[in-house]
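What follows is a single structure, written as C-alpha cells, with notes after it.
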Amino acid sequence: MKKLLAVICSLCMMMAMLTGCGDKGTEASTSTEGASFDTMIALITMDSIDQHWVTLNEGAQKAAAELGVEVQFMAPNTKDDAQQIECVNNAVSAGAKAIIVAANGPDAISSALEEAANAGVKIIYVDSPANVEAEATFSTDNNAAGATAGEEMKKALEAKGITSGTIGIINVNAATDSCVMREEGFRSAFEGTDFELLETQYGEGDAAKSQSIAENYITQGVVGIFGCNEGSTTGAGNAIKASGNTEVIGVGFDKSDAILGLIEDGFLLCTMAQNPDVMGYEGVKAAVKAINGEDLGGAVTDTGVSVLTADASASSDDAATTDVAASKEWKIALITMDSIDQHWVTLNEGAQAKAEELGVSVTFMSPNTKDDAQQIECVNNAVAGGYDAIMVAANGPDAISSALEEASAAGVKIVYVDSPANVAAEATFSTDNKAAGATAGEEMKKALEAKGITSGTIGIINVNAATDSCVMREEGFRSAFEGTDFELLETQYGEGDAAKSQSIAENYITQGVVGIFGCNEGSTTGAGNAIKASGNAEIIGVGFDKSDAILGLIEDGHLLCTMAQNPDVMGSMGVEACVQALEGESLGGAVSDTGVSVLSK
C-alpha cells in the first residue's frame with residue numbers, strides 16, 4: 001500500500017510538472033496562527049520524483065495546514081540547474097513571500113536567489129544550501145553521516161575478515177554540496193586503512209545510471225559500494241542483486257520503499273535515513289517567522305540521521321508511516337541525570353506532550369543532582385513501582401548498568417535519551433555528540449583566527465570523566481584543534497554545577513587562556529559568568545545546551561555561541577519508542593541523531 005501511494009504521489013507531481021515548474025499549491029487550513037491567510041511560500045527541491053523530496057513536501061504541507069499558509073511545490077521533474085533557476089524566477093513572479101529551497105549546487109542557482117532576496121523574498125534552505133545568505137538552514141550534518149556510513153561498511157568488511165580491497169563511490173554530481181560532504185565523510189572513515197577508494201563516478205541521482213556504474217564496479221572486483229543519495233543507493237543495491245554477489249557490501253543514503261526492500265533482502269547492508277519531513281516542517285515554520293519579521297540569524301539546524309539495517313528498517317518504516325496506538329495506559333519512568341538543568345526540564349516537557357497524545361503516563365523520577373547512587377535508586381524504584389518502560393539518560397555507561405540489566409530481566413523496556421549505558425536497549429535518541437563537539441571547536445577556531453589569534457591555551461570544563469555524551473563532545477572539540485598551535489589544557493570537572501564551573505573558568509582565566517569550552521549547560525553557564533566577571537571580552541567562550549542564562553550570556557557578548565540540542569525531540573521520540581516496544585514492535589536497537597543547532601548572537 002505504501003509503495004502504491006508513493007507511486008501515485010510521484011505520478012501526480014510529474015503530471016503537474018509537464019508544463020514546467022508546478023503552479024498549483026495545497027489549500028491552507030483556516031488556522032492562521034502567526035501568519036496571514038494569503039501567505040504563499042514556494043518549495044523548490046532538486047526534483048519532484050525522489051521519495052526524499054516527496055516526504056519533505058509532506059512535512060511542509062503539514063506545517064502549512066497548521067499555520068494557515070499556502071506552500072506550492074514548484075520543483076522541476078529532474079535535477080537540472082536551468083529548471084531550478086526557472087522555478088525560483090517563477091516563484092518571485094507569482095508573489096511568493098518566501099522560498100524554501102534545496103539547491104542542486106552552491107553556485108548555479110545563487111544569482112537567481114540573490115535577485116529573489118533583493119526583491120524581499122525570504123530564503124530558507126532545506127537539505128542543501130547555495131552560496132547566498134539565508135534566514136535559516138535545516139539539513140543533515142552530511143559529513144558526519146557520511147563518516148558513519150563508512151564506519152558501518154568498514155565494520156561489516158572486517159567482520160568478514162576483509163581488511164583490504166577496492167571500494168566504489170556513486171555520487172550525484174560534483175556540485176551538490178550535501179552529497180559532496182557525504183562523500184568526504186565516507187572517505188575520511190577509510191583514512192589510514194589498506195582499502196583503496198576508487199575515483200568517484202556520477203549517476204546524476206538516476207537509479208538506472210547508478211546501477212550501470214555499480215555493475216562496472218562489481219566487474220572490477222570491488223568489496224564495497226557507497227551510494228550518496230536515494231537514486232545512487234537504489235542503483236547500487238539493484239546491481240548487487242543482479243550480480244548475485246552478496247559478498248559486496250552496499251551502503252547508502254536516504255530512505256525509500258525500494259531501498260528498504262533491498263536492505264531487507266540482504267543486497268544492501270544499511271542506509272543513512274535522514275528526516276526530510278522534519279526539514280520541510282521546520283522550513284515552513286521558519287519561513288513564516290521570517291515573513292513576520294523575526295530575525296532567525298541564519299541558524300543552521302541538523303535535522304538528524306538514523307542508521308537503518310535489516311533489523312531496524314521495517315520497524316522504522318512502520319513508525320514513520322503509521323500512528324502509534326497504545327492498547328492500555330502504559331506506565332513509563334523518565335530518569336535523567338538530574339531534574340534541575342533546563343535541558344532535562346525541556347526533555348520532560350517533550351515526553352509529557354507525547355504521553356498525553358498517546359494516552360500513556362510518564363513519571364519524571366530524576367534525582368535532584370547528578371549522582372550514580374541516586375540514579376540507580378530511581379531505576380530500582382521504577383521496577384518496584386511496576387513501570388512498564390524506563391527512559392533514561394545515564395550518568396555514565398557503567399555505574400547504572402547492573403540496575404538496568406535487572407530491570408530488563410524483569411521485562412521492563414529500556415530506551416535511552418541523550419546518554420546511553422552499556423546495556424542493550426530498544427532504541428536510543430541522542431545528539432551525535434562527537435560531531436557537535438567538533439563543530440564547537442571549529443566555531444571557536446574561526447573566532448580566534450578572526451581576531452588574529454593562531455596560538456594560545458584553551459580550557460575545557462566537563463561534567464565528569466564517565467558521562468558518555470559529554471566525553472564525546474570533548475573528544476570532538478579536541479579533534480578540531482589537531483595540527484594547530486593551540487594547546488588544550490587538561491580537562492577540569494565541575495559536575496555540571498554552574499558555580500563550580502565558574503570557579504574552574506576563573507582559574508583558567510588567571511592562566512591566560514584564549515578560550516574556554518563548556519561541555520554541558522552548567523559548565524557553559526559557569527564559563528560565561530566567569531568571562532563576564534573578568535571583563536575580558538577577548539576570551540572566546542563556546543558551550544553546549546540552551547537555557548535562558550546561556551542565551552543571555554551570548555546576547556551580552558560573554559559567550560560566542562552554544563550547541564543547542566533538541567531535548568524535546570528526544571523526550572517525544574523516546575516515549576513513542578517505549579509505546580512501540582510495549583506494543584510488541586522490534587525497534588532493532590536503532591540509534592537516532594536528534595540534531596543540533598549553533599546558536600550565536
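Listed here are the strands (runs of 3 or more DSSP E) enclosed by segment 216-307 that have at least 2 residues being over 30 Å from residue 117 (Cα atoms): 224-227, 249-253, 270-274. Screening the candidates 132, 180 for the property of being of a type outside the set (Ser, Thr, Tyr) and in contact with a helix residue (DSSP H, G or I) (Cβ under 6 Å, 6 or more places away or on another chain) yields one hit, 132. Taking the listed residues 496, 528, 515, the one that is of a type outside the set (A, V, I, L, M, F, W, C), surrounded by 24 or more Cβ atoms within 10 Å (Cβ to Cβ), within 28 Å of the chain's Cα centre (by Cα) and on the phi > 0 side of the Ramachandran plot is 496, with no other qualifying.
Looking across segment 522-575, just one residue is basic (Lys, Arg) and closer than 30 Å to residue 352 by Cβ, and that is 546.
Return yes when residue 367 is within 17 Å of residue 343 (Cβ to Cβ) and surrounded by fewer than 22 Cβ atoms within 10 Å (Cβ to Cβ) and no when it is not. Yes; evaluated as a whole, the condition is true for this residue.
Could we say that residue 148 is over 19 Å from residue 222 (Cα atoms) and outside the structural domain of residue 98 (by TED's automatic domain parsing) here? Yes: the conditions hold for residue 148.
Annotation note: Cβ proximity below 6 Å between a residue of segment 359-371 that is assigned by TED's automatic domain parsing to the domain that holds residue 399 and a residue that is part of a strand (DSSP E or B) (sequence gap 6+ or interchain) occurs for 361/331; 362/332; 362/334; 363/333; 364/334; 365/333; 365/335; 366/335.
May I ask you to list the residues in segment 157-183 that are in a helix (DSSP H, G or I), within 23 Å of residue 304 (Cβ to Cβ) and modelled with pLDDT under 95?
Taking segment 157-183 and keeping what is in a helix (DSSP H, G or I), we get 157-159, 177-183.
Remaining after also requiring within 23 Å of residue 304 (Cβ to Cβ): 177-183.
Answer for segment 157-183, where residues must be in a helix (DSSP H, G or I), within 23 Å of residue 304 (Cβ to Cβ) and modelled with pLDDT under 95: 177, 178, 179, 180, 181, 182.
With the condition kept exactly as written, say whether any residue in segment 437-444 is buried (at least 16 other Cβ atoms within 10 Å of the Cβ), among the charged types (D, E, K, R) and under 24 Å from residue 508 (Cβ atoms). Within segment 437-444, one or more residues are buried (at least 16 other Cβ atoms within 10 Å of the Cβ), among the charged types (D, E, K, R) and under 24 Å from residue 508 (Cβ atoms).
Evaluate segment 299-313: report whether one residue or more is out of contact with any Leu (no Cβ under 6 Å at 6 or more places or on another chain) and modelled with pLDDT of 95 or more. No, segment 299-313 has no match at all. Would you check which residues across segment 261-271 are among the hydrophobic types (A, V, I, L, M, F, W, C) and within 20 Å of the chain's Cα centre (by Cα) and list them? Listed by number, the list holds a single entry, 270.
Yes/no matrix, rows are residues, columns are (1) exposed (fewer than 15 other Cβ atoms within 10 Å of the Cβ); (2) under 25 Å from the mean Cα position of the chain (by Cα); (3) of a type outside the set (Lys, Arg):
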| site | (1), (2), (3) |
| --- | --- |
| 94 | yes, no, yes |
| 97 | no, no, no |
| 102 | no, yes, yes |
| 107 | yes, yes, yes |
| 113 | no, no, yes |
| 127 | no, yes, yes |
| 145 | no, yes, yes |
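Checking each residue in segment 519-550 for being over 17 Å from residue 344 (Cα atoms) and either at pLDDT below 95 or not hydrophobic (A, V, I, L, M, F, W, C) (or both) picks out 526, 528, 529, 532, 534, 535, 536, 537, 538, 541. For the residues 351, 325, the requirement of being more than 21 Å from residue 497 (Cα to Cα), surrounded by fewer than 22 Cβ atoms within 10 Å (Cβ to Cβ), assigned by TED's automatic domain parsing to the domain that holds residue 398 and touching a helix residue (DSSP H, G or I) at 6+ places or on another chain (Cβ under 9 Å) singles out 325. Looking only at residues of segment 189-211 that are small (Gly, Ala, Ser) and surrounded by fewer than 15 Cβ atoms within 10 Å (Cβ to Cβ), we find that the one that is farthest from residue 253 (Cα to Cα) is 192.
Name the residues in segment 462-511 that are hydroxyl-bearing (Ser, Thr, Tyr) and without any contact (Cβ under 8 Å) to a residue 12 or more places away in the chain, would you?
Matches in segment 462-511: 510 only.
Within the span defined as segment 562-571, every residue fails to be crowded, with 24+ Cβ neighbours inside 10 Å, farther than 24 Å from residue 348 by Cα and touching a residue at least 24 places away in the same chain (Cβ under 8 Å).
Give me the residue from segment 129-143 that is in a loop (DSSP other than H, G, I, E, B) and under 15 Å from the mean Cα position of the chain (by Cα) and, out of that set, surrounded by the most Cβ atoms within 10 Å (Cβ to Cβ).
140
One residue stands out in segment 449-476 among those that are modelled with pLDDT of 95 or more and crowded, with 22+ Cβ neighbours inside 10 Å: the one that is farthest from residue 532 (Cα to Cα), namely 474.
Hey, among the residues in segment 510-549 that are acidic (Asp, Glu) and in contact with a strand residue (DSSP E or B) (Cβ under 9 Å, 6 or more places away or on another chain), which one's farthest from residue 439 (Cα to Cα)? Applying the filter and picking the extreme gives 521.
The values are calculated or read from the model by the stated rules, or taken from the named source; none is laboratory data. This is a predicted model, so every value here is computed, not measured. With ideal geometry, Cβ positions are generated from the backbone for all residues, glycine too; neighbour counts draw on all protein chains shown.
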